[in-house]
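Written below as structure tokens is the structure these notes are about.
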Amino acid sequence: MFEFSQISAGASIDCAMALNQGEADICINWAGGLHHAKKAEPSGFCYVNDIVLGILELLKYHQRVLYVDIDAHHGDGVEEAFYTTNRVMTVSFHKFGNFFPGTGDIKDLGVGEGMYHSLNFPLKSGMTDEAYEEIFKPIMTEVIYHYQPSAIVMQCGTDSLAHDKLGKFNLTLRGHSACLRFVKSFGVPTIVLGGGGYTIPNVARCWAYETAVCLGLPELDNQLPFNDYYQFYGPSYTLHIEPDKTKENRNTKEYLETAMIRCLEHVRRLEGAPSVQFQDVPPDFFSDSLKHRVQRRSPFEF
């Protein structure tokens, strides 16, 4: 377990280092995104919060980092870590109400300097592609416009997909990836992470498709090529999944509009993009054998 945590967290830190040094515009760690872990305790299948460690590394070079979470569960560990600072803004779209971890109310906004820098959109069961897109794009447009992040970390947990064993949403690959595609369109350096997902063949489908999105590839063939794990993708043996037609979308249009208005009001109460004083940068988080990767240093300090 510790070795896995080292690999997962180390990969997210390495993603942050690559962005800091300008070696990439987008970095992916599908083994990361363990957003429930706290500073001193594991939670929700998460032992080490690689997201927090990656963001701390980004803050050595970036004044403002935006965290976006589209997992079905609230990103409570990340929100808690940065609840009192304006250097990181956390935005989470998640199932709320009698659902783990039970946090992420629309009224949870941050405290002190972090006031209005935690944004939560609580959702009900059955979210569809169309409903998700109608709330995600307007909110993220306003968040990026007002907060002006210089780096983004996006957690793409797939338990928000249809047919997930734990999730309660009804998204398809196209609806889920539309969120990633929209965030990518702003051209801000981005770390893309994994997260939840408990119907394993659909996890593989989604992250394969979203890797193509990150790479800017044309639409992938829906027919899966034969491979060693082909039998797990039956009976359709196709890339895309269909929504569950028996699942009711309990998010009424009125509920979503009311919640979106409240979230937008919170965003517009931000006091402008915060800045920090020019100071020396803390040491980069890597071993001596990797120091050759450093090409420049930033004047910003967390």
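The values are calculated or read from the model by the stated rules, or taken from the named source; none is laboratory data. Please read all numbers here as calculations on a predicted model, not as lab measurements. Glycine gets a Cβ as well: all are built from the backbone with ideal geometry, and neighbour counts include every protein chain shown.
One residue is enough: does region 113-126 have a residue meeting the conditions closer than 21 Å to Ala11 by Cβ, surrounded by 21 or more Cβ atoms within 10 Å (Cβ to Cβ) and at pLDDT 95 or above?
no
With the structure loaded, tell me whether Arg205 is out of contact with any Cys (no Cβ under 9 Å at 6 or more places or on another chain), touching a residue at least 60 places away in the same chain (Cβ under 8 Å), of a type outside the set (A, V, I, L, M, F, W, C) and assigned to a helix (DSSP H, G or I) or whether it fails that test.
Judged against the criteria, Arg205 is not a match.
In region 134-171, what count of residues is obtained for those that are part of a loop (DSSP other than H, G, I, E, B) and either touching a Pro at 6+ places or on another chain (Cβ under 6 Å) or among the small types (Gly, Ala, Ser) (or both)?
Of the residues in that region, 5 qualify.
Which numbered condition in (1) without any contact (Cβ under 8 Å) to a residue 60 or more places away in the chain; (2) in a helix (DSSP H, G or I); (3) farther than 29 Å from Ala37 by Cβ; (4) among the charged types (D, E, K, R) is the only one that Arg174 fails?
Only one criterion is unmet by Arg174, namely (1).
Out of region 78-102, which residues are touching a residue at least 40 places away in the same chain (Cβ under 8 Å) and surrounded by fewer than 24 Cβ atoms within 10 Å (Cβ to Cβ)?
Glu80, Ala81, Asn86, Arg87, Phe99, Phe100, Pro101
With the structure loaded, tell me whether Leu66 is surrounded by fewer than 23 Cβ atoms within 10 Å (Cβ to Cβ), at negative phi and of a type in the set (A, V, I, L, M, F, W, C) or whether it fails that test.
No, not satisfied.
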